[in-house]
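*Asks:* Next up is a structure, given as structure tokens.
What follows draws every value from the coordinates through simple rules; no lab data is involved. Everything numeric in this text was worked out from a predicted model, so none of it was measured. Ideal geometry is used to build each Cβ from the backbone, glycine not excepted, and the neighbour counts take in all protein chains shown.
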Amino acid sequence: MSTPKKSRRGFLANTLGQGRGRIDESSATNSPATGLGATIPEQQVERTCLLQIDRRAMACQFAILLNDGQYTNGAESAFQALDLVDRLEDQMSVYRESSEISQLNHMAGRQPVVVEFRLFELLQLAMEIYSASGGAFDITSAPLSRLWGFSRRQGELPPEGDIEAVLENVGGHLLELNQKNRTIAFSRSATEINLGGIGKGFALDRCLELLRAEGIEHVLMHGGKSSVMAQGDRWTAEQLPGWKVGVRHPLRADARLLEIQLHDQALSTSGAATQSFHYQGKRYGHILDPRNGYPSAGVYSATVVADSAAVADALSTAFYVLGHEKSMEYCSQQENMATAIVVPGQHSGWIDIHTYGFCEEDIKIVQDQSCHFIRHD
């Protein structure tokens, strides 16, 4: 990146439920959990204790990690942030009938609906990314996931006619946002929105706002194994700025592929390694291209580093759909943004890692065998 900021992704294998505790990283193990998660690489023992507070929310584990002993109000501030995540889930979850998003989905096809201020800002951001990505990121695509069975984690190949029928109700162009009145309306009654592709990142952005207001300037947060926000510095014997985090290998759940040194940025990774099915010898992953209604292919994983966790969250999905060439082009037109796109290599079992925007010292390949590293800047 032109400005050497950095971003995201690292968590400890051990969790502490909703309580408090101290974890000495020298004794922690890297988690082999499913998904494209992150790990905190092993570091020297001196000054490596972390205070971790975590809680189940948004169908994943949210965690806040602080340098142990740095803040007298650290634990209480972390609890306040996780309480905020709970409130945001109440507002945004389509699985809760009382949520603002569920009520909006029921009513916006008939009349404009007034939206809470911060939620309206998020919808505006989602629409901006929809337009900038040419529709590769689309908050109206949930009906396609249901059609393919991925919302039930039971993938199945639907009839082509059914895909075409659902596509008539999918697309950001069907949403009408009125900034003056702060309302949203749907052009078609069957259209609906789902913030699953951007909501966790938005929650991390909001948590950072709260923590900084409480005087917390050094913290690592993650929502599940796909969205991370890094702020300030980690205490280590090496005294390196920022937080070192690892991105898992998309084909080997128990191995790290990359290590990234992050500063005051967010990182998100999208991939379909853990949700897919095979039909007549072909693999279908759960990340769908909302422009044609079919699963995206040709990318193993897409990692995005940005100033905002919501932006990184949405763009990692968009880049997975767009592929490495268009993703590199997109990044080249932005400031303080970086990406690493992993695609199949020229030989069986090999992978190519296409990157843009990283300073050389900020990114390191951990699994260098069978990897081809390609920089585009």
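*Asks:* Normalise the Cα radius of gyration of the range 324-374 by 2.2 N^0.38 Å (N = residues in it) and let me know the number.
*Replies:* Working it through for the range 324-374, the quotient is 1.20.
*Asks:* What ³J(HN,Hα) values, in whole Hz, does the Karplus curve 6.51 cos²θ - 1.76 cosθ + 1.60 give for the range 299-304 when θ = phi - 60°, with x put for Gly and Pro?
*Replies:* Running phi through 6.51 cos²θ - 1.76 cosθ + 1.60 with θ = phi - 60° gives 10, 7, 7, 10, 10, 10 Hz.
*Asks:* What list do you get for Thr317, Thr72 if you sort them by fewest beta carbons within 10 Å?
*Replies:* Thr72, Thr317
*Asks:* Let me ask something else. Cut-off under 17 Å on the C-alpha distance; same-chain residues fewer than 8 positions from Lys225 excluded. Which aspartates and glutamates are left, in chain and number order?
*Replies:* Result set, ordered by chain and number: Asp54, Asp205, Asp254, Glu259, Asp313.
*Asks:* ³J(HN,Hα) across the range 118-123 via Karplus (A = 6.51, B = -1.76, C = 1.60, θ = phi - 60°), whole Hz, x for Gly/Pro?
*Replies:* 5, 5, 4, 4, 5, 5
*Asks:* Largest first and in whole Å, what are the equivalent-ellipsoid semi-axes of the range 143-240 based on the Cα gyration tensor, each being the root of 5 times an eigenvalue?
*Replies:* One finds semi-axes of 39, 22, 8 Å for the range 143-240.
*Asks:* Relative contact order (percent) for the range 120-237, with alpha-carbon contacts under 8 angstrom and 6 or more residues of separation?
*Replies:* 20 percent
*Asks:* Which of the aspartates and glutamates could a cross-linker span from Lys180 if the Cα-Cα distance has to be under 14 Å and same-chain partners fewer than 8 positions apart are dropped?
*Replies:* Straight-line reach from Lys180, under 14 Å: Glu116, Glu121.
*Asks:* While we're here: Of all the Cα-Cα pairs you can form in the range 181-237, what percent are over 17 Å apart?
*Replies:* Counting pairs separated by more than 17 Å, the tail of P(r) holds 56 percent.
*Asks:* So, one more: Across the range 95-186, what fraction of all alpha-carbon pairs, as a whole percent, falls in each successive 5 Å bin from zero upward?
*Replies:* So the P(r) values, bin by bin, are 3, 13, 19, 23, 20, 14, 6, 2, 0.
*Asks:* Calculate one ³J(HN,Hα) per residue across the range 103-111 by plugging θ = phi - 60° into the Karplus curve 6.51 cos²θ - 1.76 cosθ + 1.60, and present them in order as whole Hz with x for glycine and proline.
*Replies:* Along the range 103-111, the couplings run 5, 4, 5, 6, 10, 5, x, 10, 7 Hz.
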